[in-house]
1. What does the highest-first list of 197-204, 55-62 look like by mean Cβ count within 10 Å?
2. Provide the FRET efficiency to the nearest 0.05 for the Val230-Glu94 pair, computing r from the beta carbons and using R0 = 51 Å.
3. Using a 10 Å cut-off around each Cβ, can you sort Trp65, Trp79 from fewest to most neighbouring Cβ atoms?
4. Contact order normalised by length for the range 40-81, with contacts defined as Cα pairs under 8 Å and 6 or more residues apart; what percent is it?
5. Pop a pseudo-label 7 angstrom from the Cα along the beta-carbon direction at both Thr42 and Ser86 and give the gap in nm to one decimal.
6. What are the ³J(HN,Hα) values, in whole Hz, obtained from phi via the Karplus relation 6.51 cos²θ - 1.76 cosθ + 1.60 with θ = phi - 60°, for each residue of the range 158-173 in sequence order, with x given for Gly and Pro?
7. Let me know the volume per residue of the alpha-carbon convex hull for the range 87-199, in Å³.
8. Quick one: net charge of Leu189's neighbours, Cβ under 12 Å, K/R +1, D/E -1?
Amino acid sequence: MALALTAGAVFGVGVVVAVLAFVGLPRRDVTPRRGRRSKRETERQTKFAVAGVVVFAATLVVTQWLVLAVVFGVVVAFWDRLFGGSRIEREAIEQIEGLATWTESLRDTIAGAVGLEQAIPATTINAAPSIRPSLNLLVDRLRVREPLPDALMKFADDLDDPSADLVVASLILNARLRGPGLRSVLGALSDSARDELDLRRRVEASRRSTRRSVLIVVLVIAAMSGFLIVFNPGYVEPYSSVEGQLVLAGVLGLYALAVLWLRRLAGVRQPERFLVQSRHQVEDREEAAS
């Protein structure tokens, strides 16, 4: 019966995959720069993936349990995504703080009757490390005579943050209309960024305990599983059969749902960006430039 259920499940998955390959998934029109990972982040995820493969192989050799090996391997491979929320939120807070400081510096530089084309490179030197790479790219685009609105739009895509969209949108409007009042607008936006920064710090402090609970649950499950397998193998002997592996898959699936639920409670839902370029807009802009 267990083999029949397994074969039926595999056949059903195969049918779904075949239908999706035939029909295809709906194409999403997303910003080409959105979700772009840095080289450092890619290397970090590669290390976790290699560690996940090693843990999978080691667990399979020691326990001969395919389900447990897969679960341990997946947890280690996606460790950064499951438990890296604190680091991601900390980096987002640092970016908002750097953006607020840069906005204030740009406001003060514009006060000296300096245009945006001259003020932006002047404020890059003392910018925070969290936004300095994106600012350097913006300055490089201006040096090759790229139009300021287009360069600012790409700068917003590099930062990929709703708070940055507000600042960049005001700069784009001023670059196109050349009207007065930019200094007061930047001052109001910097104050708003400071308020958001204070709020997100308080939210991060309140969510820290929930993230710690998620980590404790996962570590306790892994420690208890390893303790029973090594020191009391007779207790877990029933899980060695096919039926036992199916039961183990169900139990670990329930734990996974609980962990994902806690992970969702510990996360912060970001508002959608409004200053985005569709793929078709980027292609049309590149064709016009060529």
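What follows draws every value from the coordinates through simple rules; no lab data is involved. Note that the coordinates shown come from a computational prediction; the quantities given were computed from them, not determined experimentally. For neighbour counting, all protein chains shown are included, and Cβ atoms are generated from backbone atoms with ideal geometry for every residue, glycine included.
1. Top to bottom by mean Cβ count within 10 Å: 55-62, 197-204.
2. That gives a FRET efficiency of 0.75.
3. So the residues, fewest neighbours to most, are Trp79, Trp65.
4. 49
5. 2.9
6. Result, rounded to whole Hz: 5, 6, 6, 9, x, 5, 5, 4, 5, 5, 5, 5, 5, 5, 5, 4.
7. That works out to 88 Å³ per residue.
8. The answer is -2.
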